[in-house]
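For reference, the structure I am asking about is given below.
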Amino acid sequence: MDVLVVDVGGTHVKILATGQTEKREFVSGPKLTARQMAAKVKRLARGWHYEVVSIGYPGPVMHDRVVAEPHNLGSGWVGFDFKRAFGRPVRVVNDAAMQALGSYKGGKMLFLGLGTGLGTALIVDGVIEPLEIGHLPYLKHTYEDYVSDQALERMGKKKWRKHVADVVKRLSSALEPDEVVIGGGNVRHLKELPPRCRAGDNANAFAGGFKLWEKAGPSARRRTPARRAASVRDRAG
């Protein structure tokens, strides 16, 4: 099955299809609506063959439906019919969950995406649970306020790195994962990774998007990736 994967971010929308080796992208930003995104993706994907679509969305998702408007994009995402817009079956998941799925190697894994905001997801024995930890209270504001793009620009790399290390420590103590994967574009600004952490890669979002449509494969609980994908959809949000 040929899949088109769409990774929606606060600064760019990136796409890749089965059989392609080079991603394509366009600038997103605070005025991008769901309708505009779908139209631009369809134009950008011309010449690519795909039967189904995976979309990683920067916010809460439930049963393939966006349930809250994004913080860093335009409006019109809640209730938008992606299947009708693309004319193909579509699976929508939280963007951190999609990248986490592409990064997963087994056991209990916590994913933290350092980018425009803070994306979070937890995978336990192949079952993925998207989280919204970034908006929970931390110090005087929220976790996202201390480890986001804006935080990095506001406080500089030295202080930002200290907060990243502290956030990883706090969340690891609370959730007790076997390992933490730190992904997102800003992982490159870390001089060294905290204990039991490994660096992720934004390309793993595409791997996760492809996995959402896989029909067979090994897992700790003998679930297929397709059934794990169902867990993503049923538990998202």
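The values are calculated or read from the model by the stated rules, or taken from the named source; none is laboratory data. Just so we're clear, the structure is a prediction, and the values are computed from it rather than from any experiment. For neighbour counting, all protein chains shown are included, and Cβ atoms are generated from backbone atoms with ideal geometry for every residue, glycine included. We work out accessible area using only protein heavy atoms, side chains counted, and drop any ligands, DNA or RNA first. Shrake-Rupley method; radii C 1.70, N 1.55, O 1.52, S 1.80 Å.
Inside the range 136-162, can you point out the residues that are closer than 30 Å to residue 212 by Cα and surrounded by 14 or more Cβ atoms within 10 Å (Cβ to Cβ)?
143, 144, 147, 148, 149
In the range 1-41, what residues are part of a strand (DSSP E or B), open to solvent by less than 50 Å² (accessible area, probe 1.4 Å) and not basic (Lys, Arg)?
3, 4, 5, 6, 7, 8, 13, 15, 16, 17, 26 - these are the residues of the range 1-41 that are part of a strand (DSSP E or B), open to solvent by less than 50 Å² (accessible area, probe 1.4 Å) and not basic (Lys, Arg).
If you go through the range 151-165 one residue at a time, how many are more than 18 Å from residue 182 (Cα to Cα) and not acidic (Asp, Glu)?
Adding up the residues that qualify gives 3.
Restricting to the range 42-57, name every residue that is in a loop (DSSP other than H, G, I, E, B) and among the aromatic types (Phe, Trp, Tyr).
48, 50, listed by residue number.
Could you tell me which numbered condition residue 73 fails, if it satisfies all but one of (1) buried (at least 19 other Cβ atoms within 10 Å of the Cβ); (2) more than 16 Å from the chain's Cα centre (by Cα); (3) among the hydrophobic types (A, V, I, L, M, F, W, C)?
(2)
Just wondering, is there one or more residues in the range 109-128 that are assigned to a helix (DSSP H, G or I) and on the phi < 0 side of the Ramachandran plot?
Scanning the range 109-128, I find no residue that is assigned to a helix (DSSP H, G or I) and on the phi < 0 side of the Ramachandran plot, so the answer is no.
Under the condition of being of a type in the set (Ser, Thr, Tyr) and within 20 Å of residue 190 (Cα to Cα), which residue from the range 85-135 is surrounded by the fewest Cβ atoms within 10 Å (Cβ to Cβ)?
Among them, the one singled out is 116.
Continuing with the same structure: Restricting attention to the range 163-219, report how many residues are among the aliphatic types (A, V, I, L, M), assigned to a helix (DSSP H, G or I) and open to solvent by 40 Å² or more (accessible area, probe 1.4 Å).
Count: 3.
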